[in-house]
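Notes to accompany the following structure.
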Amino acid sequence: MSEQANITLGSKSLEMPVKHGSIGPDVVDIRKLYGQTGAFTFDPGFTSTASCESAITYIDGDEGVLLHRGYPIQQLAEDSSFMEVAYLLTEGELPSKDELAKFEHTISRHTMVHEQLMQFFRGFRRDAHPMAIMCGVVGALSAFYHDSTDIDDPKQRMIASHRLIAKMPTIAAMAYKYSIGQPFIYPDNSLSYTGNFLRMTFGVPAEEYVVNPIVERAMDRIFILHADHEQNASTSTVRLAGSSGANPFACMAAGIACLWGPAHGGANEAALEMLREIGRPERIPEYIARAKNKDDPFRLMGFGHRVYKNYDPRATVMQKTVRELFKELKVTDPVFEVALQLEEMALNDSYFIEKKLFPNVDFYSGIVLSAVGFPTSMFTALFALARTVGWVAQWNEMIGDPEQKIGRPRQLYTGAPQRDYVPIAKR
Ligand code: SDX
């Protein structure tokens, strides 16, 4: 007899099956609740709701654990590559040498975008936010690839997935080039995925661009750290959009739009701007006080997390990457010292301790990206570039799930009961 959860609602009672995962919390299957009791569950923000079954990423927020197909993020960040992690997330297992070479070759054959897509950029102001451009241009891909939008055809889903993974760096680099008035640089498939992106971003037609292996490794690691993160807001957006049968390019554009928010992917841009505004360690107490003040909407950007009530393991790797990059490039940034002292003060402050607020992936990432040469406006676009791999993996898993159906939450209605229309002459 499988484990049951019981609920009694007035005169009605219901036994609901408890489902067990391979690791992590059990779930109570409430799908019959409304039909048998007439009541909904109520969970704004889905703090206690599992929206799906997934085998891609596991997070233990209390222990600060992040696994991709069972492999700890620390090991993947240290020993793997972004292309290998992309294969792992989308295919389910680490690739053999030949499988990886074939995957990288396939991806490299989709790095160019349709020449006409360049016209889309001309419609934006030069100072358009790169995320505005990414939303528009990625959504527009739907208009160029009618041969890979039939989501019921696994072959078309695979081609669309490879196109998205391959073209995001090209589009992100184009968004940057457009913003600084420099010509677009075509992909060079003799380079690695990340090296190709760096050249498209920082190269110019006037001279040869040599990829710095130290920067290439740091960026590749940053992409690994941002690749996937279970059912976060933007991934849930991609799943919800995909559940209606929308084409994958439109679904990814929806994910980009959601990621842009400062409470989510936009926090990396906001965190660096906050650290720069603080400017020097003596001003940290003022900002800590503001973050604790209920009447002040200010929050420490890059701090806190819906799931992690411990240190975000990605933040640990990110801080290590800052140290390594600064040492190897012989550079520094006073903002890093502000970040370290801000972390130290916050983690010793009862407000942050009681609310279990720790640095998250966005707290240090901006310092690395700034050291590499990206403007803060590009930070979330880089997050979207990397997270496209996770979105694609999660979207494919959702489409392939026999139990998936269109997402359609209900509500607790608190508006006016039925009433009759009153003609304006009588109001
Ligand atoms: C990402 O979901 C994911 O996996 C996301 C992500 C991914 O990889 O996809 O990990 C990427 O989005 C990381 C988070 C980036 N956002 C930020 O750094 C923005 C700052 N952080 C907060 O806005 C907040 O912590 C959230 C949005 C991240 C989480 O908010 P929750 O889970 O809804 O928690 P909450 O807002 O209810 O906060 C709980 C309490 C509140 O105080 P009380 O109302 O209980 O008194 O903690 C306080 C909050 O006021 N709080 C903070 C704070 N974060 C929460 N107070 C000061 N500074 C903060 N940063």
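Since every read-out is calculated from the coordinates, none of them should be taken as a lab result. Please read these numbers as outputs of a predicted model, since none were measured by experiment. Positions of Cβ are backbone-derived with ideal geometry, glycine not excepted, and every protein chain shown enters the neighbour counts.
See the values below:
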| item | result |
| --- | --- |
| Ranking of TRP260, TRP391 by count of other Cβ atoms within 10 Å, fewest first | TRP260, TRP391 |
| Spatial extent of the chain: Rg and Dmax, with the Cα atoms as the point set, Å | 23.3, 79 |
| Radius, Kirkwood style, for the range 336-402 when every pair of distinct Cα atoms is counted (Å) | 14.7 |
| Positive-end residue, the chain charge dipole about Cα centroid, Cβ charges, pick of PRO402, VAL211, SER244 | SER244 |
| Label-point gap, in nm, between ILE424 and TYR71 - each point 7 angstrom along Cα→Cβ | 6.6 |
| Net lengthening on full extension, GLU286/PHE184 (0.36 nm per residue, minus Cα-Cα) | 32.4 nm |
| √(5λ) per eigenvalue of the Cα gyration tensor, the range 240-331, largest first, Å | 30, 21, 13 |
| The range 166-293: Rg to Rh, with Rh as the Kirkwood radius over Cα pairs | 1.05 |
| ASP153-PHE42 pseudo-label distance in nm [points 7 Å out on the Cα-to-Cβ vector] | 4.8 |
| Projected-area average for the range 1-132 over all orientations - Cα convex hull basis, square nanometres | 15.1 |
| Lys/Arg +1, Asp/Glu -1 at C-beta; the range 180-339 dipole; positive extreme among PHE202, ILE284, MET318 | ILE284 |
| Cut-off 13 Å, label 7 Å out along Cα→Cβ of THR49, residues of the range 404-420 by amide N | 407-413 |
| Alpha carbon centroid spacing (whole Å) that separates the range 118-162 from the range 210-289 | 19 |
| Lys/Arg +1, Asp/Glu -1 at C-beta; the range 274-427 dipole; positive extreme among ALA386, GLN418, TYR351 | GLN418 |
| Least to most buried among CYS258, CYS251, CYS52 (fewest other Cβ within 10 Å first) | CYS52, CYS258, CYS251 |
| Fraction of beta bridges assigned by DSSP in the chain that are antiparallel (%, nearest 5) | 100 |
| Between the range 364-427 and the range 322-344, the Cα center-to-center distance that results, in Å | 33 |
| Those residues of the range 163-189 whose amide nitrogen sits under 12 Å from the label point placed on VAL204, 7 Å along Cα→Cβ | 181-183 |
| Nearest 10 degrees, 0 to 90: helix 82-91 Cα axis against the chain principal axis | 30 |
| Nitroxide proxy distance, nm - points 7 Å out along Cα→Cβ at HIS105 and MET118 | 2.9 |
| Amide H partners (placed H, <5 Å) of ALA5, local residues excluded | MET16, VAL18 |
| Ranking of SER365, SER81 by count of other Cβ atoms within 10 Å, fewest first | SER81, SER365 |
| Principal axis dimensions, the range 269-427 - Cα atoms, whole angstrom, descending | 73, 45, 33 |
| Rg/Rg_globular for the range 297-364, with Rg_globular taken as 2.2 N^0.38 Å and Rg from C-alpha atoms | 1.15 |
| The chain, dipole about Cα centre (Lys/Arg Cβ +1, Asp/Glu Cβ -1), debye to the nearest 20 | 1440 |
| At 1.002 mPa s and 20 °C, Stokes diffusion of the range 107-216 via Kirkwood alpha-carbon radius, µm² per second | 146 |
| Gain on full stretching of the segment that runs from ARG408 to THR332 - 0.36 nm per residue minus C-alpha separation | 22.4 nm |
